[in-house]
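For reference, the structure discussed in these notes is given below.
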Amino acid sequence: IREIVNKLEDALEGMYRPHGYGADDLDIATLVYRLGGWQLLFALNHKLSLPSLWTLRTRSIFTTIIPTIGPIRHENIVENIHTIVLSPRNNSSPKHGISLMIDEIALEEMAVHFSKYNKVGGLCWKHFHLVDPVLRMYESAINIAQKIHAGQVHLGKE
């Protein structure tokens, strides 16, 4: 990380202007995109000549994991395994065994809004059925918050 920060500082001072993008340039652009979003990457692409989001998408693999909102379902697990394990492999690569190991997860105990699904996640899956996770109106969010504060629904834990 320190090396990436040093390259960003050099770019700000005008001592580093990438033309052909190497692995470090893609790492810097990925870090900027993950921490600051596409708008920051766009600005730094124009100001510091970092790789654009288009370049990142064509030269990197972006993996999207579907969150489990509510009860754990077989379909979510299968789709995530397909996305992470099977899709990146092309048909010409030799088939090898894959070990899937699951350990503790770093988890922030908080309710979160998944805008793609317009649902609230981060709730305990055992008591999730007591609320409607879809945010249809302001009252939907109030209802979820009241159930959390009343102890009827809990925030998810490891």
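Return the residue satisfying two criteria in turn: it lies in region 132-158 and is free of Cβ contacts under 8 Å to residues at least 24 places away in the same chain and of a type in the set (S, T, N, Q), and of such residues it is farthest from ILE66 (Cα to Cα).
GLN146
Hey, can you tell me all the residues within region 18-42 that are within 17 Å of ILE61 (Cα to Cα) and among the aromatic types (Phe, Trp, Tyr)?
Of everything in region 18-42, those that are within 17 Å of ILE61 (Cα to Cα) and among the aromatic types (Phe, Trp, Tyr) turn out to be TYR21, TYR33, TRP38.
Test PHE62 against the stated conditions and say whether it is within 27 Å of ASP27 (Cα to Cα) and modelled with pLDDT of 80 or more. Explain how you work it out, then say what you get.
Numbers: within 27 Å of ASP27 (Cα to Cα): yes; modelled with pLDDT of 80 or more: no.
No: the conditions fail for PHE62.
Can you list residue pairs whose Cβ atoms sit under 7 Å apart, with the first residue in region 107-131 being part of a strand (DSSP E or B) and the second being at pLDDT below 85 and of a type in the set (Gly, Ala, Ser)? Count only pairs 6 or more apart in sequence or on different chains.
Sorted first by the residue in region 107-131, then by its partner, the pairs are LEU123/GLY156.
The values are calculated or read from the model by the stated rules, or taken from the named source; none is laboratory data. Since the model is a prediction, treat every value here as computed from it, not as a measurement. Here the Cβ is made from the backbone with ideal geometry for all residues, glycine too, and neighbour counts use every protein chain on show.
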